[in-house]
Amino acid sequence: MNEIRAIDRIDTGPRFSEHDAVRLNRMFRGTETEDWLRAVIEGSLVGDMAIVSSFGAESAVLLHLLSEIDPNIPVLFLETGKHFPETLAYRDELAERLGLNIVNLYPEIADLQARDESGLRWSYDPDGCCELRKVKPLEKALARFDASFTGRKAFQSSTRANLPRFEIDTSDAQGRLKINPLIDWSADDIAAYFSAHDLPRHPLVEQGFPSIGCSPCTRPVAEGEDPRAGRWAGWDKVECGIHKPGEEPFL
């Protein structure tokens with residue numbers, strides 16, 4: 001652990017290259033999640049950081065891990081106006097319990113008035129709805145950060161199966177780093193962490209929602225289905241646009 005902490009910060013200025021992502025993946029290969037997270041955060045290896053959280057089914061694990069190291073890291077939450085009431089209550093519960101630094105992000109009123117005045121764009125153009133309510137507000141908020149943490153895990157879907165711990169955010173031309181601390185955790189690992197730290201579960205999990213997004217575009221999942229099968233069911237859509245399904249891993 002002391003050896004890891006002694007590593008100098010990658011000297012690339014405020015942003016990162018694919019080479020940096022490769023180097024970080026190799027640097028922490030085989031290292032326990034808590035250890036390399038502490039090294040990255042306390043060693044200031046990635047500059048200004050933010051957590052992007054949906055406060056979904058498994059969000060408490062990443063939020064707890066990071067809050068134990070630095071509870072002041074901003075937690076960006078996209079307040080789309082379409083969340084389940086249970087999600088908003090869960091956000092508030094975790095924020096109080098873990099002492100989180102929540103930053104609520106809202107879509108631009110002018111954009112909604114121009115492109116979704118009825119509030120029903122999700123029903124005929126889910127990509128456009130996600131762009132207005134998620135992608136644009138998050139891009140604006142992340143512009144001041146060098147790196148962001150996500151809660152993606154390989155077992156969630158085939159589009160996430162080969163993602164690395166560290167990658168370059170393809171939505172950012174300036175080379176922001178995207179960090180996936182739980183990408184190699186299994187469903188059993190997640191469950192064990194919830195139990196070990198007595199973390200509350202999202203109330204919709206027991207109702208058959210293993211992946212939880214906005215209420216109009218999320219349904220319960222049947223036994224044996226992909227955990228994300230309930231997201232945008234009936235549409236050729238697997239991600240909201242924040243994460244690109246075709247992103248290539250940097251190993």
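The values are calculated or read from the model by the stated rules, or taken from the named source; none is laboratory data. If you're wondering where the values come from, they're calculated on a predicted model, not measured in any experiment. FYI the Cβ positions are ideal-geometry reconstructions off the backbone, even for glycines, and counts take in every protein chain you see. Remember, those area values only see protein heavy atoms, side chains included, never the ligands or the DNA or RNA. Shrake-Rupley method; radii C 1.70, N 1.55, O 1.52, S 1.80 Å.
Table for the structure above
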| item | result |
| --- | --- |
| Cβ-Cβ under 8 Å pairs, at least 6 apart or on other chains, the stretch 157-181 side within 17 Å of LEU138 (Cβ to Cβ) and surrounded by fewer than 20 Cβ atoms within 10 Å (Cβ to Cβ), far side among the basic types (Lys, Arg) and at pLDDT below 80 | THR170/LYS244; SER171/LYS244 |
| Check on ARG29, more than 20 Å from GLN174 (Cα to Cα), out of contact with any helix residue (DSSP H, G or I) (no Cβ under 8 Å at 6 or more places or on another chain) and either surrounded by fewer than 20 Cβ atoms within 10 Å (Cβ to Cβ) or at pLDDT below 95 (or both) | yes |
| Among residues of the stretch 104-123, those that are among the aromatic types (Phe, Trp, Tyr) and modelled with pLDDT of 95 or more, counted | 1 |
| Residue in the stretch 134-154 that is within 13 Å of the chain's Cα centre (by Cα), hydroxyl-bearing (Ser, Thr, Tyr) and over 18 Å from HIS202 (Cβ atoms) present | yes |
| Evaluation of VAL22 against (1) outside any helix (DSSP H, G or I); (2) touching a residue at least 24 places away in the same chain (Cβ under 8 Å); (3) open to solvent by 20 Å² or more (accessible area, probe 1.4 Å) (one fails), failing number | (1) |
| Residues that are of a type in the set (A, V, I, L, M) and within 18 Å of ARG201 (Cα to Cα), drawn from the stretch 35-90 | ALA57, ALA60, VAL61, LEU62, LEU63, LEU65, LEU66, LEU88, ALA89 |
| Tally of residues being farther than 19 Å from PRO71 by Cα, touching a residue at least 12 places away in the same chain (Cβ under 8 Å) and open to solvent by 50 Å² or more (accessible area, probe 1.4 Å) across the stretch 89-113 | 3 |
| Test for ILE69: is it of a type in the set (A, V, I, L, M), more than 17 Å from the chain's Cα centre (by Cα), under 18 Å from ALA50 (Cα atoms) and surrounded by fewer than 16 Cβ atoms within 10 Å (Cβ to Cβ) | yes |
| Some residue of the stretch 196-208 being polar (S, T, N, Q) and either farther than 23 Å from ILE69 by Cα or modelled with pLDDT under 90 (or both) | yes |
| Flag for SER59 being within 29 Å of ASP188 (Cβ to Cβ), among the small types (Gly, Ala, Ser) and open to solvent by 50 Å² or more (accessible area, probe 1.4 Å) | no |
| Given (1) at negative phi; (2) without any contact (Cβ under 8 Å) to a residue 60 or more places away in the chain, index of the condition GLY81 fails | (1) |
| Hey, ASP116 more than 16 Å from the chain's Cα centre (by Cα) and open to solvent by 30 Å² or more (accessible area, probe 1.4 Å) or not | no |
